[in-house]
Every structure is written in C-alpha cells, then in structure tokens.
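**Student:** What follows is a structure written as structure tokens; I'll ask about it next.
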Amino acid sequence: MVNKDKIPAFLERFKKKKEESRYTNIMYAIVCVLCVLGARLFWMQIIEGSYYKSEADGNRIRHLPVQAARGVMFDRNGQIMAGSRSAYSVVLPDDFKKNKISDAELNRLSQLIQMPVADIKQKIEDNKKAFGGLVIANDVGIDVATQIEERRDDYPNFIIEVRPLRVYPLNDAGGQILGYVGEAGPNDKDAEGNPYQLGTIIGRAGLEAEFNPYLEGKNGNKLVEVDASGRPVKTFDGIPVSQGHNIRLTLDSRIQRAAEDAIKEQMAKLGSTSSFATGASAVAMDPQTGAILAMVSWPSYDSNHFSQGITAAEWKDLINNPNHPMQNRTISSVYPPGSTFKVITASAALESHVTTPGERIFDSGKHWLIPKRNAQGEAFGWINFYDAMAKSDNVYFYEMGRRLGIDRLSAMARAYGIGRKTGIDLPGEAAGNMASAEYKKKVFHESWYLGETFDAAIGQSYTLVTPLQMAVVYSAIANGGYLYRPYMVSRIDNFDGTPLKIYSPQVVGTVPVSKTNLEIIRRSLRGVMQPGGTGGFMFSNYPIPIAGKSGTAQTHGVDNGWFIAFAPYDKPQIVVVVMFEHSGFGSQSAAPVVKKMMDAYFRVGSYQNATADTSATLDTDTSGKEGGQI
Amino acid sequence: MHEFLKFVKRLDWTLLLAILAISILSLMIIASATHANNGQYSFVIKQSVFLLVGLCAAGVLTYFDFHLLDKYAKIIYVVNLVLLVIVKFAGTSALGAQRWIQIGPFTLQPSEFAKLFMIICLARLLSQHPEGFHTWKSLLPVIALMGPPFVLVLIQPDLGTSLVFAAITFGMLYVSGFSMKIVKQIMAVFVVSLPAIWFFLLHDYQKMRIRVLFDPNVDPYGSGYHVIQSKIAIGSGGFFGKGLFAGTQSQLNFLPENHTDFIFSVVGEELGFVGAMFLLFLFFIVLYRTLLIARNTTDRFGSLMAVGIMSMWLFQVLINAGMTLGIMPVTGIPFPFMSYGGSALVMNFMCVGLLMNIFMRRQKLLFE
C-alpha cells in the first residue's frame, strides 16, 4: 500500500524544510503511540493471555452445586415416611457473595419473598465466609421463581435453584422419631471430618441424625455458561450427584398414625376435664423381634417445618414450650413405672419361690407391718397371685417385696433391663434407674428401709424407666424371656434396591425366669383384661385375646397413667406401651390409646377397612437429575 | 465522464483504501458486538447508512475548493457555538451527560462536528500568523478562539472531547512554530496545578476513573468494571482471537458498550493480537498519509487542517485503545471509524473528504 521507496525520499525532503524536525517529531509520535499500544497488546494477549483466558472462563462458567436428595425412609409396608420433593430456592451463588448488592435489589427481593431486608442482610453477612451458595429463601412458589428468572436484570445477584426438599407425609406423627433436617452449620463435620458445603442438608435429630451418613447423598455440580446477567446459556456436565441410601423402617405408618390420632383425641378429652396432662408416649413393638412398629411422643413437632426453614420465633416457641415437644418421651424421658412394674416383682417372687400362684394373702386394705395402702383404699380380702395382678393389689406385692428384699428385686429388674439403655438405633436414649440399697447409699448416703422395698415392689421409690424399657420388659414376658434390642431400621438399600445392610433381630439377654413362671405371669396378665381386672373395662370383649397391665404412678404432681398390653395372648405379635404424663385418672387415660393401636394392628373396629396411604406427590427418586437451576 | 475519471484518479487511494478497510472491519465488529447473528441487524444497518452518508459528505467536501472554507470560517465558528449552546439547553442526556440534539429520528452529537469546525477555524487563525507563536501574548487569539467551544463541551460534561480539542490545538500550534519554551512552561504550570485540578476541578466519578487506572479493583463493580472486563476480553483473545461472533466476553454481555467506546476490546477478543495489530497498522497508514498530505501541501491553511485532523485521530486512538487496554483513564472518546455512532462517522468522513481536497490541490499549479 505504501510505496516503500517514498519514505526515505519524504524524509529527505523534510530535512530541507524549515519545519523539517517538527514533522519528523510528529512521525515519531505516531510510531511511538502505536508501538506502545502494540506492546501493551503483546503483553496482555501473548504473555498474560492464559491468565486472562481463565478470568474470562471464570466470568462465564458457573459451578452450580446440585444437591443430592436424601435417601427415602419407608415404613415396613413401603409407605414413605420421609421423602423429598423438588422445591425452588432463592440462592445467592458462591461467586456473588462478595458482590455489593444494591439496596434497590434487596428491597425488590424483600418484597417478593416477604422477608425483611435486615434479615436478608444478616443472613448474607453471617454466611460470607462459608463455602457454597447461600439459600436466602427455601421452597418459594413458582410465581416467585419465575419472577426472579424472568427479570434477571432486577435480580442480578440471585438465582433460583431447584433443590430437593425433605417432606414428611405423616407431619407431626413422625416428629421426634424421624427427627428433622437442617442446613449444616460451620461446626458440623461430615463422616471424614470435613466441613460441609454451605446449604448441605444434614439430619439434626431422630433417625435423620442417627442414619445421616447413609441418608445423605453426595452433592455434585454442573457447569453452566451464563451471560453477564446470570442467564444460563449452555450447560456442561460436572460432577454427578449420588442420592442417599433409602432406608426401610420397622415402623408401620398405620399404627403410627393411629397412635398419634388416639393420643391427640385423648388429650383433647382430658383437656375438657381440666386435666393437667403435659405429655404422652406410645410405643408398639414386635415382641418376637424387637422391631418397633410405632413410636409416638406427644407433644410433637412437624418435621416439615424444619425442612422448609424454621424461623427464629418458631424455634423459640419449640424449645421454650414447657411441655418439651423436642423431647422423645418414649426413649429420653424417665418415669416411675408404677404397677406395671409388678410383673418384675412377680418374676422375682415366683422364681425365688417366696410364693406360689395359689398362695392366698389377706388384704385388709393395708399391710400389717407398715400401714401402706392400696391406691384407691380398697380391701380385697383373701387373694391369690392371679387376683392380685388382675386387681393390681398393692398389699399383695408389698408382701412379695418384703419376702424378697430389695436386692433380689433389684437384681430381677436389672435382668429385665431396667437401669440400662435398650440400645435402640435412635439418639438420646436414657438409661433410667432401678431402686436399690447401693443406689440410695451412693446418692443419699442413707441406709435402706423396708418401706422403700414396699414402694419399689409396686414400681415407685427410686425406680425410673423409659416407656421403651417397659416395652422390652413386656416383650420378654410375652416371648418367653428374651430381651431384644429394639430397632427401627430393618435395612439400608443400595441404589439398585439390593440391601447394603440388613439389621436382624438381636437378643441381648434372657431373663432368669422359667418358662412355667412366665406362663403364670402371662396368665395373670390375661386376667387383667377380663371382667374384674383393671383393664376389663376396655378389653373384656376385645375380639383378639389380649393381656396386659395398667399402672398409676405417683409423681410429685398429678399421677402418670400407664397401660401396657400384648396380643394375641397365646402367641403374642405386638406389645403396646402407652404412658400419659400427669394425666390423672390412672390407666383410664392410657387404655383407649392402647386399644386404638391394637385396633389398627389387628384391623378391628374402625380400622377394619383402613388401608395405608401416603401422599402420592412425593418423588421416590429425587436423585437430583432434575436439580439445579431452572 | 472524462473529467470525473481524472478527478477520481487524483484521489489519495492509499489513504482512502485504508479508511475503507477500517470501516468494513468496523461493520463486522459492530455486527458481532450487537448480536447480528441472532437477527439483530438494526445497528449494522444504521451504521451502514451512516457510512454511505459519510462517503457522500466526503465526496462533497472533496469536490469544491477547500479555500472556500477560509471565507466561511467565521460563519462556521458561529454555527458551531450555536449548536453547542443548543445542546446545553435543549439537548437530550444519556449516561449522565447532555451531548445530543434530537432531530426527528436522529440524534446529532454536535461536539463531534465541533472538532472539525474548530480545526477549520483554528487553521484559518494560525495560517494568518506565519511568524509563529513565541510569546504568551501571541497565544491570546488562539485562546480566545478555542476557549468558548472548549468550555461549552467541558460543561456538558464531556471532558474527553475537550481534551481532543486541546490535542488538536497543540498539534496545530506545534507545526505552526510553537515555541518549545512555552510548551515547557505550560507543562510546568500543569504539573504544579495538578493537586488543584484533583481537588477542585474533577468530579468524584472522574477521580475514581483515574484511581481505577492504577488499580481497577478499587471499584470492581463500578468504575473499574468496564476496564476489568475489557482487559479480560482483550487478554483472553490471545494470538488469533476467539473468532468473530465467538468472543465470550462480548457475546455474553460481560463487556458493556462493546459496540461504541469499547469496540477495540471486541477486536482484541475476537480477532486476537493479529487482528488488533492489523487495525493499528491500518491506522498507521491513515496517520502517515495524513501527515504526508500536511507536509506536501504548499498551502498553509490546508496543511494546518491536515495536521489538526491527524492530531485528532492520533489522540483518539491513543486514548480509546489505551482505555481498553487499561493504560488510559475511562473517557467517552470513540475510536475513529470503528465505534458505532453516526455523528462521529460522518464527521470523520468529512475529514477524509477534506484531506482528499487538500491532497488534490497540494500544488496550485497542478490544478486548473
């Protein structure tokens, strides 16, 4: 283009001119400017090119975490107890946490998700250092999700992610047993001791916590090319997610629900009679295996509230509730067993031959050595073992206690597992305590009195048990003396449905009571449920032959009411323990709940045609394939 | 017809071809930056129309004898001031500045034309003082001439364009025999008054732009954003570039203003080092030929105009490309012939026409 031999000629002519040097200088200036620009281009594009290339990729490639869905918990019939469904979350992506978000954007978001600006700011501030995208609002409606996605320029810093949301179809009937999930905090560590990625959902209580290592899946991610306003343009494959293991529970959702409904109904009834009942517990167990069929603790909470994101106020309400809804009363609370303990006293007495089933003892209404009386002040006259059990006579068992002494009584109770954790696969189990001379000496530095033996023989004194321990005791009586470890998880599945782990029934001990004596005790418990027995009012006409024991346990306040039953009497399949806290009315508050649970199990009464049902809206397989940004 | 052929033959084809090559490159890059591959043709079509208008304007300015401008300089000067005043009081504002006049569907940016008008007027003034400028007093007429339009543009506010005025003035004074002693004195005054300029004259946003020059990360999502994204765009282009329509920074809109002020970044990203250097080479030809025209013209008025045009283009390339490369502060100065914008393109082609005019009449004897 430029005639090459013209340049020197041009410069030659410059020299002759007066302004020669000035044009030359301008020429230098042109060359100098263009060389500076060229050198800068060379530096940036050739020397530092790879740095800028990675910066450009960092701009456009976003690593979107894809949260793995937690494993599903099924009951024994395949009904879903805890599942997941896809939910839209408003998320501040990890890359954007350092951004300064305009007040206008925050105000818009605050309006949209109905959350005060201050709360949003606080949330962002609190999680600035954590790794991973920050969920601002969980499970927002499709309308909110589309608003944010369609008006990207109004919400440049926030994205919508589809995340699996934990769902509990039984609502508060699952409560403390299933537990709940929540976002991992900075102090939570995974199985390898590493901190969790922000927003990872982990089990916080109940089975969710106990089996978290199996239930939690492995989060993955996907790579998305986005434009400057964060709209996705293209998607690349990233790390695939793997879903958590599914877990099969021994629970039967029908009985679980029946128990929950019956307790609620009974609480309402008690409430109308100005009872001060503060809680209740119910547990059903297969006496031949130790499998838990149902477990309810009342008051309970709805685990769904936690997955959806519980507010500080709701949380405060829960933990400050004087009736402690967070407590799983069935395994974590201890109560005096009251008359339900009499089976242990009976075991010790029969086994030690201090009495025979036929021996008759005179009940004048009080014991002849220490004037301790029957609960309602009754006097039954001459009674044998069967009468004493059926009518829950105290004087008879005071005498048994006297003949045995506290040591033999304590030993038998310990043999039944009192004072020791049952080993159930749930967190937070209490051990309880068995009254004994050593205990009193150790704790109160006092010696033992006979009156205390009387109390211990009828399940008072220092003896404290969990409702679950009583289920184990009555299972042993029902099954011929085997102590089973209660369990709730029967198997953990691999992703293809094959079992990863199977939990079989586990005998942890046998009670030192002969088959014959156990048969005698069982027969006595059958009598309880017949006309004239303390349970006859409810069970004398029950279509299934049933046996059991009532109990009214004295506390510092109003009595606790117990009712324990197993059925069928000749070949027990189920043991049910129900306990009402400070309900008054003795066993009468607990018995209707036992009956409803038995009804549900044997499909009698109103449960004749009941079929199991679980909400059909759940995804049983939320492996996260459809997760991520919409 | 024969006359016309003779006329066409006498044009400076080297300059013209370089300009046309830049213009075609510009259309390609604007097409890419405005997503023409997604069916958004409006920017490309508009710019093509402006290009045709510019070529016509260039033709008109080539045809008549440029000495006529000498006669009309006073009128041009008044028209220029009137336009700039209209902008101030009736203009439309965008991006925080009031720079445009709405005329029907078009927006006119008088400050662009003001550059050419001031080159003409200043060339006339300087050509009447062949003795040069060796004292401060001799500069007074220059200051009186350039002062009003300079101030009018500065208060739009358009610091960039007023700096272009300064560059034009300096370049033209320089070849007019501007005393180096005065240059040194001006430099000294400038350096001494730097703190005062920083604290009293510059707006906060302008100060931030200068701070950003040294460290874009002081305001990565505000003033620094453009520079950061532009540097990423150019740097990531590498040697051969990512290809037209394939630059992630511009196609995914990380790079704002990528068809106007930051068009050079798109060149760097999509055409790479090769493309950007080719563009700079074309500009070297343009500037070199313009300087040659200035040098070879016996007519002082024409020579000065050519120098003025050359100074304007050189300064704008330096500031604009320097800005995209992060070595110059961010100002709204367009890249000549490259940036999208009708006023600038038409004005630049008017300059081309004028240069052709001067080129053809460089020796009075050759003509007529």
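We did not get these values from a lab; they are worked out from the coordinates using the rules stated. Nothing here was measured: the structure is a model prediction, and the numbers come from that model. FYI the Cβ positions are ideal-geometry reconstructions off the backbone, even for glycines, and counts take in every protein chain you see.
**Student:** Summarise the partner chain shielding of A:22-34 as one whole number: the mean count of Cβ atoms from other chains within 10 Å of each residue's Cβ.
**Tutor:** Across A:22-34, the average partner-chain Cβ count within 10 Å equals 6.
**Student:** Continuing with this model, one more query. Taking a label point 7 Å from the Cα of A:Val508 along the Cα→Cβ vector, which residues of the stretch A:404-444 have an amide N closer than 16 Å to it?
**Tutor:** Taking a point 7 Å out along Cα→Cβ of A:Val508, the residues of the stretch A:404-444 whose backbone N falls under 16 Å are A:413-434.
**Student:** Place +1 on the Cβ of every Lys and Arg and -1 on the Cβ of every Asp and Glu in the protein assembly as shown, take the dipole about the Cα centre, and give the residue among A:Ser333, B:Phe165, B:Thr324 whose Cα lies farthest towards its positive end.
**Tutor:** B:Phe165
**Student:** Within the protein assembly as shown, what percent of beta bridges assigned by DSSP are antiparallel, to the nearest 5?
**Tutor:** 95
**Student:** Hey, got the dipole for the protein assembly as shown? About the Cα centre, +1 on K and R Cβ, -1 on D and E Cβ, debye to the nearest 20?
**Tutor:** Charge dipole of the protein assembly as shown: 2900 debye, to the nearest 20.
**Student:** Hey, another quick one. Counting C-alpha atoms alone, how compact is the stretch A:417-492: give Rg to one decimal and Dmax as a whole number, in angstrom.
**Tutor:** 15.0, 51
**Student:** As I understand it, the value is the acute angle between the Cα axis of helix A:515-528 and the longest principal axis of the Cα atoms of chain A; what does it come to in degrees, rounded to 10?
**Tutor:** Roughly 90 degrees, rounded to the nearest 10.
**Student:** Across every pair of different alpha-carbon atoms, what Kirkwood hydrodynamic radius in Å does the stretch A:464-614 reach?
**Tutor:** Computed over Cα pairs of the stretch A:464-614, the Kirkwood hydrodynamic radius comes out at 16.9 Å.
**Student:** Based on other C-beta atoms within 10 Å, arrange A:Met538, B:Met323 from fewest to most.
**Tutor:** A:Met538, B:Met323
**Student:** Just to be sure I understand the model, the point goes 7 Å from the Cα along the line to the Cβ. What's the resulting A:Asp143 to A:Lys515 distance in nm?
**Tutor:** 7.0
**Student:** What are the membrane-span-like helices in chain B by this rule: whole DSSP H runs, Cα extent along the axis at least 15 Å, mean Kyte-Doolittle hydropathy at least 1.0?
**Tutor:** Result, helices passing both filters: B:13-33, B:42-63, B:67-90, B:110-127, B:136-154, B:159-175, B:180-196, B:272-296, B:300-324, B:342-360.
**Student:** Right, something else. Set the Förster distance to 41 Å, then compute FRET efficiency between A:Asp95 and A:Asn323 from the Cβ-Cβ distance, nearest 0.05.
**Tutor:** The value I calculate is 0.35.
**Student:** Specify which residue in the list B:Phe337, B:Leu271, B:His67 is farthest towards the positive end of the charge dipole of the stretch B:2-366, using unit charges on the beta carbon of Lys, Arg (+1) and Asp, Glu (-1), about the Cα centre.
**Tutor:** Checking the options against the dipole of the stretch B:2-366, the answer is B:His67.
**Student:** Any idea what log10 I(q)/I(0) is at q = 0.09, 0.14, 0.18 Å⁻¹ for the stretch A:62-249, Debye with uniform C-alpha scatterers and no solvent?
**Tutor:** -0.35, -0.83, -1.26
**Student:** Report the semi-axes of the equivalent ellipsoid for the stretch B:4-127 in whole Å, largest first, where each axis is √(5λ) for an eigenvalue λ of the Cα gyration tensor.
**Tutor:** 28, 26, 11
**Student:** Size of the dipole of the stretch B:2-366 about the Cα centre, Lys and Arg at +1 and Asp and Glu at -1 on the beta carbon, nothing else charged, in debye to 20?
**Tutor:** That gives a dipole near 900 debye.
**Student:** Note down the nm distance, to one decimal, between modelled labels 7 Å out along Cα→Cβ at B:Val218 and at A:Cys32.
**Tutor:** Result: 2.7 nm between the two label points.
**Student:** Relative to the present Cα-Cα distance, how much length would full extension add between A:Lys316 and A:Asp261 at 0.36 nm per residue of separation?
**Tutor:** That pair, A:Lys316 and A:Asp261, stretches by 17.2 nm at full extension.
**Student:** How many Cβ atoms of partner chains, on average, are near each residue of A:97-110 if near means within 10 Å of its Cβ?
**Tutor:** 1
**Student:** Another question, if that's okay. Looking only at other chains, what is the average number of their beta-carbon atoms within 10 angstrom of each beta-carbon in A:478-488?
**Tutor:** 0
**Student:** While we're looking at this one, here's another question. Where does each of A:57-65, B:212-220, A:472-480 land if you order them by average Cβ count within 10 Å, highest first?
**Tutor:** Per-residue mean Cβ counts within 10 Å order the peptides as A:472-480, A:57-65, B:212-220.
**Student:** For the peptides B:255-266, A:486-497, B:281-292, what is the packing order when you average, over each peptide's residues, the other Cβ atoms within 10 Å and list the highest mean first?
**Tutor:** B:255-266, B:281-292, A:486-497
**Student:** Could you point to the residue in A:Tyr398, B:Pro256, A:Tyr601 farthest towards the positive end of the protein assembly as shown's charge dipole, with +1 and -1 charges on the Cβ of Lys/Arg and Asp/Glu respectively?
**Tutor:** Farthest towards the positive end: B:Pro256.
**Student:** Please order A:Asp252, A:Asp302, A:Asp153 by the number of other Cβ within 10 Å, starting at the fewest.
**Tutor:** Ascending Cβ contact count within 10 Å gives the list A:Asp153, A:Asp302, A:Asp252.
**Student:** Let me ask something else. Would you mind checking B:Lys9/B:Lys74; A:Lys53/B:Lys207; A:Lys100/B:Lys242; A:Lys421/A:Lys442; A:Lys97/A:Lys123; A:Lys128/A:Lys316 for any pair whose Cα atoms are more than 23 angstrom apart?
**Tutor:** In this structure, B:Lys9/B:Lys74; A:Lys53/B:Lys207; A:Lys100/B:Lys242; A:Lys128/A:Lys316 exceed 23 Å between Cα atoms.
**Student:** As a check on your grasp of the helix formula, calculate [θ] at 222 nm for chain A: sum -39500 (n - 2.57) over DSSP H runs of n ≥ 4, divide by the residue count, round to the nearest 500.
**Tutor:** -10500 deg cm²/dmol, from helical runs alone.
**Student:** If you count, for each residue, the other Cβ atoms within 10 Å and average over each peptide, how do A:159-165, A:97-103 line up from highest to lowest?
**Tutor:** Answer by packing, highest mean first, reads A:159-165, A:97-103.
**Student:** While we're on this one: Once the Cα gyration tensor of the stretch B:2-366 is found, what semi-axes does its equivalent ellipsoid get, as square roots of 5 times the eigenvalues, in whole Å, sorted largest first?
**Tutor:** The three semi-axes for the stretch B:2-366 are 32, 27, 19 Å.
**Student:** For the pair A:Arg85 and A:Trp368, how long in nm is the line joining their label points, each one 7 Å along Cα→Cβ?
**Tutor:** About 7.0 nm, to one decimal.
**Student:** Counting helices only, and only those DSSP H runs with n ≥ 4, report the 222 nm mean residue ellipticity of chain B as the sum of -39,500 (n - 2.57) divided by its residues, in deg cm²/dmol to the nearest 500.
**Tutor:** When only DSSP H runs of four or more count, the value is -22500 deg cm²/dmol.
**Student:** With a Förster radius of 45 Å, plug the Cβ-Cβ distance of A:Phe495 and B:Ser48 into 1/(1 + (r/R0)^6) and report the FRET value to the nearest 0.05.
**Tutor:** In this case the efficiency is close to 0.15.
**Student:** How large, in Å, is the stretch A:491-578 by the Kirkwood hydrodynamic radius built from its alpha-carbon pairs?
**Tutor:** By the Kirkwood definition, the hydrodynamic radius is 15.8 Å.
**Student:** Same structure, new question: Arranged by the count of other C-beta atoms within 10 angstrom, fewest first, what order do A:His367, B:His2, B:His134, A:His305 take?
**Tutor:** Final ranking by Cβ density, sparse to dense: B:His2, B:His134, A:His305, A:His367.
**Student:** Take the alpha carbon atoms of the stretch B:217-335, find their radius of gyration, then divide it by 2.2 N^0.38 Å using N residues; give the quotient.
**Tutor:** Cα-based Rg divided by the globular estimate yields 1.22.
**Student:** How far is helix A:6-16 tilted, in degrees, relative to the longest principal axis of the Cα atoms in chain A, given as a value from 0 to 90 rounded to the nearest 10?
**Tutor:** Compared with the principal axis, the helix lies near 60 degrees.
**Student:** Computed over the Cα atoms of chain A, what is the convex hull's projected area averaged over all directions, in nm²?
**Tutor:** Average of the hull's projected areas for chain A equals 41.1 nm².
**Student:** Here's a follow-up. Hey, what did chain A get for relative contact order, percent, Cα under 8 Å, at least 6 apart?
**Tutor:** 17
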